[in-house]
Amino acid sequence: MDNVIFSEQASALRDFFASVDAEDLRTASAGISRHFNLPMTGETDWREVEYDFNRLFVGPAAIPAPPYASAYAEKPQLMGKATLEVREAYRALGLEVPDMNATPDDHLAFELDAVTALGCEKDADEAVERLKAWFIGEHMNGWIPCFAAAVQEQSGVSEPVMLAVEALTRWLKSAQAEAGLIKS
């Protein structure tokens, strides 16, 4: 996978999981469909997709699939150890999340943004390569499969949300292969 494709896929996923309304979800879903070759079938009621997205990932009720690494840690705690580890990784890359402490640093959209910054460059220095290996191979691989399973266990999940989760799972496997962490 080349750097442009890698970045475009991560950006499309980031945009989906950072969506705030039906229009954001529609636009991001089109990007996911295009970059992952996952066509959507039939007509989509984007207001229903927004409701589904909020039910699964935002609230106000308890959410069944939190998009935060710390929710899947050994001892789940938002703004806990996983969040602080990610914050340190961002610092090492010269990154910082917007509105510090408003949304935990380990939100999926922020992590995808960080991975885009890491890129998949073959000529990155050794420290960046180690950080990339940890971030993708240990950190993201340690929680994204659990997150995807939490979404897939829910009934009545809209097609765009399921496609985004499928694309995320594909992307993680490709990112691990590209970083040399697994054989593709």
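The values are calculated or read from the model by the stated rules, or taken from the named source; none is laboratory data. Computed from a predicted structure; not experimentally measured. FYI the Cβ positions are ideal-geometry reconstructions off the backbone, even for glycines, and counts take in every protein chain you see.
Structural remarks
- Of the residues making up region 41-69, those that are within 21 Å of the chain's Cα centre (by Cα) and basic (Lys, Arg) number 1.
- Residue among 74, 159, 96, 85 that alone is in contact (Cβ under 8 Å) with a residue 40 or more places away in the chain and over 20 Å from residue 29 (Cα atoms): 85
- Verdict on residue 19 being out of contact with any Cys (no Cβ under 9 Å at 6 or more places or on another chain) and assigned to a helix (DSSP H, G or I): no
- Matching residues in region 22-56 - criterion: being among the charged types (D, E, K, R) and either part of a helix (DSSP H, G or I) or surrounded by 16 or more Cβ atoms within 10 Å (Cβ to Cβ) (or both): 23, 24, 26, 34, 47, 48, 50, 52, 55
- Residue in region 57-66 that is in contact with a helix residue (DSSP H, G or I) (Cβ under 9 Å, 6 or more places away or on another chain), among the hydrophobic types (A, V, I, L, M, F, W, C) and surrounded by fewer than 19 Cβ atoms within 10 Å (Cβ to Cβ) present: yes
- As a summary of the residue check, residue 131 satisfies the conditions (1) surrounded by 14 or more Cβ atoms within 10 Å (Cβ to Cβ); (2) modelled with pLDDT of 90 or more except for the one numbered (2).
- Subset of region 134-184 [more than 21 Å from residue 48 (Cα to Cα), in a loop (DSSP other than H, G, I, E, B) and either modelled with pLDDT of 95 or more or of a type in the set (Val, Ile, Thr) (or both)]: 182
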